[in-house]
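Take a look at the structure below.
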Amino acid sequence: MKKSLIAFLLLFAGMLIGGFWANFKINQVGKDNDLILKNGVWGYFPTMDLATNEFQKAYIGRIGLLALQDSEVIYFVASSDQEGDPLSSSNDYKLTGSSFDARYWSFTLYGEDHFLIPNDKGVFSYNMENIVYKDSLKNSYELIISKDPKKENWLPAGEANRMSVLLRLYNPAKYVYENKDAIELPTLKKIN
Amino acid sequence: MKLYRILFGVVLILGFALGYKGFIKYYPNLLFKGAERKIGGAENTIRLGDLPDHKSQMIVKPNPDFMYVSCFFNLEDGPLNLSANISSSNYWSVAFYEPNTVNFYVKNDEQFQSNKLNLLIADKGKLPQKVDKDIELIESKTKKGLILFRFLVNSSDVDDVNKIKQIQKSIEIKRVD
């Protein structure tokens, strides 16, 4: 009887430790495994086929519940700058890039909790329609991520200890799908 | 005594494996349940969403350019018919999710042949034999799940926002007898 109780308690303890370890491993995604590939500062998943990868499904559930499959959208996320330092509202950043061959694209800034960052202006993102381009061909642009107001293309950073920028490419061209690792993505530089 | 120690060790490892695998497997289902609780509303009922902002804390990573419409479906009492009249030149899509968060169907405005959306969702193996030719059949592996519409909107244009709100009201879901 006593040995059965010990066995039960050990099984229970093992399950608890296993659960905590799984939770820890999910938190480690992007830090010490190859689930996420990189193109510059931008991380992406080789595939969004969540039906076949339970670990990725669990991770996506945490950071982007109800994400769409690859056929509809490609997601790129940046949570650090060109120097590899985590994005934080205590710094200003300049995101410099050019248009994408996609039906719709946007940059959205999120806090550490993966929700939109509160700000007085109520601006949380820029997309291909409302971004101010530097050229008449509507190709190149610069976004400023800062807690202090800027003249244009200002993504308010509020008071976020950690932040991430999510780039969404809806219905991108075929070559984008085939070259996620090589297409030209924006740079993200700390400017002060 | 030594044999028991080995057995106890095996039990501990077994427990660890069960805990690890179980967490990874069912964690998405827990998140889905959490989303269902936060979004609220009865099953098989359309829920219209507004433009997300920092107060939108139901689902992580909301897109502030989209107005969402959601419906948690339940096919236990039979197939459901999802219909809408969506006359918008903006991007929009409809996506279906299993309770484990897998997106098993998505189709956007350019892929539909008409403004009139007419889908019939049925549980696996329970698709009706005869349906009108303008109805698209969708087979769900699970009895329960989520339907999520995404409507791209120009948030600074009140007319555009109101237009999408009107379109959202055309979305209906009803049980097929």
For residues that are farther than 25 Å from A:MET48 by Cβ and surrounded by fewer than 18 Cβ atoms within 10 Å (Cβ to Cβ), scanning just the range A:159-173, find the one that is nearest to the other protein chains (Cβ to nearest Cβ). A:GLU159
Qualifying positions in the range B:34-45 - of a type outside the set (Gly, Ala, Ser) and closer than 23 Å to B:ARG175 by Cα: B:GLU36, B:ARG37, B:ILE39, B:GLU43, B:ASN44, B:THR45
Which of the residues spanning the range B:132-158 are basic (Lys, Arg) and away from chain A (no Cβ under 14 Å)? B:LYS133, B:LYS143, B:LYS144
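Looking only at the range A:42-95, which residues are of a type in the set (Phe, Trp, Tyr), facing another protein chain (nearest Cβ under 10 Å) and crowded, with 21+ Cβ neighbours inside 10 Å? Write out each step before concluding.
Narrowing the range A:42-95 to residues of a type in the set (Phe, Trp, Tyr): A:42, A:44-45, A:55, A:59, A:75-76, A:93.
Filter once more, keeping what is facing another protein chain (nearest Cβ under 10 Å): A:55, A:59, A:75.
Across the range A:42-95, the qualifying residue is only A:TYR59.
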I'm trying to understand the selection: among the residues of the range A:105-122, which are surrounded by fewer than 19 Cβ atoms within 10 Å (Cβ to Cβ) and either on the phi < 0 side of the Ramachandran plot or charged (D, E, K, R) (or both)? A:GLU112, A:ASP113, A:PRO118, A:ASP120, A:LYS121
Criterion: in contact with a strand residue (DSSP E or B) (Cβ under 8 Å, 6 or more places away or on another chain), of a type in the set (Asp, Glu) and within 14 Å of chain A (Cβ to nearest Cβ) - qualifying residue of B:ASP123, B:ASP65: B:ASP65
Single match in A:ASP113, A:ASP135, A:ASP120 (criterion: in a loop (DSSP other than H, G, I, E, B), farther than 16 Å from B:PHE66 by Cβ and within 18 Å of the chain's Cα centre (by Cα)): A:ASP113
Out of A:ASN27, A:ASN23, A:ASN53, A:ASN39, sole residue that is in contact with an Asp or Glu (Cβ under 8 Å, 6 or more places away or on another chain) and among the polar types (S, T, N, Q): A:ASN39
Every residue from the range A:2-60 that is among the hydroxyl-bearing types (Ser, Thr, Tyr) and either modelled with pLDDT of 90 or more or more than 17 Å from B:ILE13 (Cα to Cα) (or both): A:TYR44, A:THR47, A:THR52, A:TYR59
Which condition breaks for B:LYS165 when tested against (1) surrounded by fewer than 20 Cβ atoms within 10 Å (Cβ to Cβ); (2) in contact (Cβ under 8 Å) with a residue 40 or more places away in the chain; (3) of a type in the set (D, E, K, R); (4) within 14 Å of chain A (Cβ to nearest Cβ)? (4)
Looking at the range B:6-47, which of its residues are more than 8 Å from chain A (Cβ to nearest Cβ), more than 21 Å from A:ILE60 (Cα to Cα) and aliphatic (A, V, I, L, M)? B:ILE6, B:VAL10, B:ALA42, B:ILE46
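Do the conditions hold for B:ASN74, that is, is it surrounded by fewer than 21 Cβ atoms within 10 Å (Cβ to Cβ) and at pLDDT 95 or above? Let's see the steps before the verdict.
Values: surrounded by fewer than 21 Cβ atoms within 10 Å (Cβ to Cβ): yes; at pLDDT 95 or above: yes.
Yes.
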Applying the selection to the range B:112-126, what residues are over 19 Å from the mean Cα position of the chain (by Cα), over 19 Å from B:GLN168 (Cβ atoms) and surrounded by 12 or more Cβ atoms within 10 Å (Cβ to Cβ)? B:LYS126
Answer from B:ASP65, B:ASP50 - the residue that is over 21 Å from A:GLN56 (Cβ atoms), over 13 Å from the mean Cα position of the chain (by Cα), surrounded by fewer than 16 Cβ atoms within 10 Å (Cβ to Cβ) and of a type in the set (Asp, Glu): B:ASP50
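The values are calculated or read from the model by the stated rules, or taken from the named source; none is laboratory data. Worth saying up front: this structure is predicted, and the values here are computed from it rather than measured. Note that each Cβ is placed from the backbone with ideal geometry, even for glycine, and that neighbours are counted across all protein chains shown.
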